[in-house]
1. Using r as the Cβ-Cβ distance of residue 92 and residue 262, and R0 as 45 Å, what FRET efficiency do you calculate, to the nearest 0.05?
2. If you rank 129, 485, 283 by how much accessible surface each has, with a 1.4 Å probe, what is the order from largest down?
3. Rounded to the nearest 0.05, what FRET efficiency do residue 224 and residue 528 give with R0 = 45 Å and r taken as the Cβ-Cβ distance? Could you check?
4. Could you work out how far apart the two model spin labels at residue 323 and residue 58 are, taking each label as a point 7 Å from the Cα in the direction of the beta carbon, and quote it in nm?
5. Remind me, relative contact order of the chain in percent, using alpha carbon pairs under 8 angstrom and six or more residues apart?
6. Place the peptides 325-332, 387-394 in order of packing, highest mean first, counting for every residue the other Cβ atoms within 10 Å and averaging per peptide.
7. Among 285-293, 297-305, what's the highest-first ranking by average C-beta atoms within 10 angstrom per residue?
8. What is the gain in length, in nm to one decimal, between residue 501 and residue 331 on full extension, counting 0.36 nm per residue of separation less the C-alpha to C-alpha distance?
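The values are calculated or read from the model by the stated rules, or taken from the named source; none is laboratory data. In this text, all values refer to a predicted model and were calculated from it rather than measured experimentally. Backbone-built Cβ (ideal geometry, glycine too); neighbour counts: all protein chains shown. What goes into the accessible areas is simple: the full protein's heavy atoms, side chains included, and nothing from ligands, DNA or RNA. Shrake-Rupley method; radii C 1.70, N 1.55, O 1.52, S 1.80 Å.
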Amino acid sequence: MLGRPSYLYPERPRHFCISNTQAGLLPTAATMARSSEQQGLQVLSALDAAKTQWYHFTAIVVAGMGFFTDAYDLFCISLVTKLLGRIYYTDASLPNPGILPPGVAAAVNGVAFCGTLSGQLFFGWLGDKMGRKSVYGMTLILMVVCSLGSGLSFAHTPKSVMATLCFFRFWLGFGIGGDYPLSATIMSEYANKKTRGAFIAAVFAMQGFGILAGGIVTLIISAAFRAAYPKPAYQDDAAGSIGSEADFVWRIILMLGAVPALLTYYWRMKMPETARYTALVAKNAKLAAADMSKVLQVELEDESEKMQEMVARGNNDFGLFSKEFARRHGLHLLGTASTWFLLDIAFYSQNLFQKDIFTAINWIHKAKTMSALDEVFRISRAQTLLALCGTVPGYWFTVFLIDVVGRFAIQLMGFFMMTVFMLGLAIPYHHWTTPGHQVGFVVMYGFTFFFANFGPNATTFVVPAEIFPARLRSTCHGISAAAGKAGAMIGAFGFLYAAQDPHTPEAGYKPGIGIRNSLFVLAGINLLGFGFTFLVPEANGKSLEEMSGEADDNNEDEAREARVQPSMA
């Protein structure tokens, strides 16, 4: 299919005599043809060699705003689940405020992940069939509609509200799922070879700002309502501690997720299709050159004839379920899927249930000592602080260093350090829960977030967009991401039950293994992720065609031609 760029693998010049007094480095006609073929399509070489330009940053913002919205929508639910329990499941005759029943809590926290997994598989496949741009707008529209629907959640009875909330959050997750393979693939195919890792990681780093924004928005809204409608603590007035105004708070928070998605739609529709899809999948070299001439602001040739020659060879047309794919990329796909799966078990357990951990170590007061809005305010303040100090910096450390130290080293280090800090939390857990030591626990907990994001949470997103062939790139990224969401569901559902106190579980729950033992389990999962990282190849400094093997067939043709080329002297 495609040859490796000539500036990476220059042709060794042939020396031959022109006269008794003149010697030169002039290539033969056959050598020139071979050198031209080795370059592959000019448009792809131009993309690999392009200096960082304004369009790179535009692509980061356009794709990244999708991830900002994704993170806001996925994680803001953890900020309001306590409030939902108080509003819809409180029995004023009991000593403690209401909480979501186990089945409802699992559904509310996990149904979006079910949708995300489905969306990653579906839109990942569709992105390779219809094109990245053609599908890109569908995901945003779905996210806008379902964010608004989540906040409306018709009626007022607990059953009807939770049912409609889960319905809209499933389809919200479905749209979010499509953003993963499409955003990663678009950014990788637009980027130059030198800074590709940083650009893809920057798109994913917008997730950190989305988590932070969720905390800040919840903090502002809960503070405003708390100031306007002050309520007593539950232990002082059970019925009066909630207030009808609290029902507006969680709805507004969820519905605001539609705003960034709506603002991004216009710019997504203006982006041209990526040249790699147009040339290598749609087989339209002329359109690819025309689109990228505008983007790169350079004149690129129409290479339709070369494209026809590459199509005629057809040496690289194997499918996803072929033996050839299994031989070339089977272990790679296993590596990207398994590491993402293991990472998300730990990462989403930490994110979704940090409020429970902070309550367990007494960093957040007992629910009965606060009003409903007081509790939301304190939970959002804790998450905002953690995101600001641990989550966001970790993402940007990856952005700045991924093209310096490589994906492999960052992922190994991240899994290892997450294991260390999880054990640092679990082994002396009883020490951390005693008065005066909570700050130390929070600092250690923050470091697990830092090394998740300056580590596998970023690299598992980057690598699948770099190592698979163009016609399967979005599909394989979707499969890897879906494996991650399967892990997220285990984290969301499993940790909910496993972290219950073995002696005094919350109402409606069976005894679990407790938070301390759950942290030991998460440490073991991180250690497994460290081991599976060795299945993932390093893509730093290499072209996409080099990593995917799409350049190999041309090299075989060149080697065959070199063997029959007569030597000259």
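1. Details: r = 40 Å, r/R0 = 0.89.
Result of the calculation: an efficiency of 0.65.
2. My answer, sorted largest first, is 129, 283, 485.
3. Numbers: r = 45 Å, r/R0 = 0.99.
E(calc), rounded to 0.05, equals 0.50.
4. 4.8
5. For the chain, the relative contact order is 24 percent.
6. Ranked by mean Cβ neighbours within 10 Å, highest first: 387-394, 325-332.
7. In descending order of packing, they fall as 285-293, 297-305.
8. Gain on stretching residue 501 to residue 331: 57.2 nm.
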